[in-house]
Amino acid sequence: MIDIFFSIIKRVAHNSFCFNQEVIKKQIPKQEKHFSVDSAKGSHTTQPLNMMKTSLLFLLLIITCLLVVENVECKPNYREALAKSLLFFQGQRSGKLPPDQQIKWRSNSGLSDGLQDNVDLSGGYYDAGDNVKFNFPMAFTTTMLSWSTIEYGKRMGPQMKEARAAIRYAADYFLKCATSTPGRLYVGVGDPNVDHKCWERPEDMDTVRTVYYVSSKNPGSDVAAETAAALAAASIVFRKVDPSYSKLLLRTSQKVYQFALQYQGSYSNSLGSAACPFYCSYSGFKDELLWGAAWLFRATNAVYYYKLVKSLGADDQPDIFSWDNKYAGAHVLLSKRALLNGDKNFDQYRQEADNFMCKILPNSPSSTTQYTQGGLMFKLPESNLQYVTAITFLLTTYSKYMSATKHTFNCGSVFVTPNTLRSIAKRQVDYILGENPLRMSYMVGYGPYFPKRIHHRGSSLPSLSVHPQTIGCDGGFNPFFHSMSPNPNILVGAIVGGPNQNDGFPDDRGDYSHSEPATYINGAIVGPLAYFSGNK
């Protein structure tokens, strides 16, 4: 009982001292009003009130003592969060795990991926809490990890090595997908419709590992151009540390992009139920063609890709950025030429980037972005944090570009400075790390309170070392999936789908839209975490 009491006190202490001051101010008048109403009922309330004050003072004394002893840390530790956000990718690895694997409850899996097509497609990442390799979101994740490293590598300190390792693990897989069979680009492994009916460890997979690809007859410009973007961005990351590998990545990127350009069409139409409704290309493929051309231009500085970028246009002005819709990312990426190089040919992208920010900022007259009462950007009900982390990356990166040239702009009557964007970005990162009404960190393994029942097969099922017997397709549902117990394996660094629009979070394994982690959520937050950790 004493341990329980003290754990409650510690939590009260943390909440009391770290809670947002504005929230506290809102609560005080309500308490005063409550006391005055009670006092009006008669003088007999005075004694209980005095006793209550005495009790509160005693509790405050205990809290103060505990704070001194425990040294409760209120400010987010961005360096710790950065390290954990990268460690997460080790938990998503498919294939033969390397000797330096730190997440030990994972083992080799998917070693025969590609066998039915007589190719080796082992490696890469499982996209979320399932055992499928979807290349479309995996490629976006890789592009974002690479962009993070390009922009913020100097701030990453010792985590630069881990970031490169995470990028290379995906890039090696994409090289296999792009070069194994002439005329084909492999874009996924594992039948998602079958896999999603199972709850089993990746190490035990007994479902069909169907191989999916696009070709000239069944095009997929969206997934191909995103793969090209990932390889081009990765080539920049390895340019100095591994020149030969960098050149291989770039050559492959150019071939894959040419394929995307020559045989235009959406992979959603070619793959049907293997892509939809899981990762449908809802925005079409024009945004990926622009995105891919922008990254190849960044990697080569070639006039050919510049002309492609200009010909593809940038008319679409969304208020979102994600694995599906790349327009805003392309605009910010290209705006660098206007802001840092003073190239007037890229002014339209700077203007597009300005317009996007105006749709995100809460006080802007053209804002189309909702915020929860706790201050979290809220775009869509399912896995909202994927949009928060991706947009936050654009906020920090555009703020960085603006700072370099003292660029400012207006959203109607609202004057926007680099610090305006930085403040919004910091609020989002801090919210995710625990500065929110629930005091819940939405990064697993970070802070004292984080999601314990995440929607993730490997995390929710006992590891091979604990339970060496095979867990079949249906074997994981009872007692594991339906259990109220915390997951036995902590997927350190995983960021889940996040709270609802009322800042609520049930921590329910069955509620995948809020409790499922995904590679593309983490892939986008690595940059902002490096930015705020400030390791120069």
Worksheet item: Can you name the condition, by its number, that GLY445 falls short on among (1) in a loop (DSSP other than H, G, I, E, B); (2) more than 18 Å from TYR78 (Cα to Cα)?
Response: (2)
Worksheet item: Restricting to the stretch 476-530, what's the tally of residues that are crowded, with 24+ Cβ neighbours inside 10 Å and either more than 23 Å from ALA390 (Cα to Cα) or of a type in the set (Val, Ile, Thr) (or both)?
Response: 7
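So which of TYR169, TYR152, TYR173 ends up being of a type in the set (Ser, Thr, Tyr) and open to solvent by 10 Å² or more (accessible area, probe 1.4 Å)?
When all the criteria are applied, what remains is TYR169.
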Worksheet item: Going by the conditions given, is ARG184 at pLDDT 95 or above, over 20 Å from the mean Cα position of the chain (by Cα) and open to solvent by 10 Å² or more (accessible area, probe 1.4 Å)?
Response: yes
Discussion item. With the structure loaded, tell me whether VAL416 is of a type in the set (Val, Ile, Thr), buried (at least 20 other Cβ atoms within 10 Å of the Cβ) and within 18 Å of the chain's Cα centre (by Cα) or whether it fails that test.
Written reply: no
Response to the item:
When restricted to SER235, SER283, the only residue open to solvent by less than 30 Å² (accessible area, probe 1.4 Å) and in contact with a helix residue (DSSP H, G or I) (Cβ under 9 Å, 6 or more places away or on another chain) is SER235
Worksheet item: Only one of (1) more than 30 Å from HIS514 (Cα to Cα); (2) touching a strand residue (DSSP E or B) at 6+ places or on another chain (Cβ under 6 Å) is not met by GLY292, so which one is it?
Response: (2)
Worksheet entry | Unique match (being polar (S, T, N, Q) and in contact (Cβ under 8 Å) with a residue 60 or more places away in the chain) among THR392, THR420 | THR392
Worksheet, complete the sentence: Given (1) open to solvent by 20 Å² or more (accessible area, probe 1.4 Å); (2) in a loop (DSSP other than H, G, I, E, B); (3) under 27 Å from PHE321 (Cα atoms), ASN436 misses just (1)
Discussion item. When you check SER244 against the structure, is it surrounded by fewer than 15 Cβ atoms within 10 Å (Cβ to Cβ), farther than 11 Å from LEU296 by Cβ and without any contact (Cβ under 8 Å) to a residue 40 or more places away in the chain, yes or no?
Written reply: yes
Discussion item. I'd like the residue in the stretch 92-136 that is out of contact with any Pro (no Cβ under 7 Å at 6 or more places or on another chain) and among the small types (Gly, Ala, Ser) and, out of all such residues, is farthest from TYR173 (Cα to Cα).
Written reply: SER107
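Table: residues versus (1) of a type in the set (Lys, Arg); (2) touching a strand residue (DSSP E or B) at 6+ places or on another chain (Cβ under 8 Å).
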| position | (1), (2) |
| --- | --- |
| ARG298 | yes, no |
| LYS310 | yes, no |
| GLN317 | no, no |
| TRP323 | no, no |
| ALA328 | no, no |
| GLN348 | no, no |
| LEU361 | no, yes |
| SER367 | no, yes |
Practice prompt. Take ALA163 and decide whether it is outside any loop (DSSP other than H, G, I, E, B) and either among the polar types (S, T, N, Q) or at pLDDT 95 or above (or both).
Written response: yes
Discussion item. Looking only at the stretch 395-413, count every residue that is free of Cβ contacts under 8 Å to residues at least 40 places away in the same chain, assigned to a helix (DSSP H, G or I) and open to solvent by 10 Å² or more (accessible area, probe 1.4 Å) and tell me the total.
Written reply: 1
Worksheet item: Mind checking whether some residue in the stretch 297-315 is touching a helix residue (DSSP H, G or I) at 6+ places or on another chain (Cβ under 7 Å), open to solvent by less than 20 Å² (accessible area, probe 1.4 Å) and at pLDDT below 95?
Response: yes
Worksheet item: Would you pick out the residues in the stretch 99-136 that are assigned to a helix (DSSP H, G or I) and surrounded by 24 or more Cβ atoms within 10 Å (Cβ to Cβ)?
Response: ASN135, PHE136
Fill in: Within the stretch 439-450, tally of residues that are closer than 17 Å to ILE103 by Cβ and out of contact with any Gly (no Cβ under 7 Å at 6 or more places or on another chain)
2
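Does ASN363 satisfy the criteria of being part of a helix (DSSP H, G or I) and open to solvent by 50 Å² or more (accessible area, probe 1.4 Å)? Lay out the reasoning, then the answer.
Details: part of a helix (DSSP H, G or I): no; open to solvent by 50 Å² or more (accessible area, probe 1.4 Å): yes.
When the stated conditions are applied, ASN363 does not pass them.
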Worksheet item: So which pairs qualify, if the first residue must be in the stretch 181-210 and within 12 Å of ALA274 (Cα to Cα) and of a type in the set (Gly, Ala, Ser), the second must be open to solvent by 30 Å² or more (accessible area, probe 1.4 Å) and outside any helix (DSSP H, G or I), the Cβ gap must be under 6 Å, and the two must be at least 6 apart or on different chains?
Response: GLY188/TYR212; GLY190/ARG209
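The values are calculated or read from the model by the stated rules, or taken from the named source; none is laboratory data. Quick caveat, the model's predicted, so the values are computed rather than measured. Here Cβ is always computed from backbone atoms with ideal geometry, including for glycine, and neighbour counts include all displayed protein chains. The protein model used for the area step is the full one, side chains on, heavy atoms only, and it has no ligands, DNA or RNA in it. Shrake-Rupley method; radii C 1.70, N 1.55, O 1.52, S 1.80 Å.
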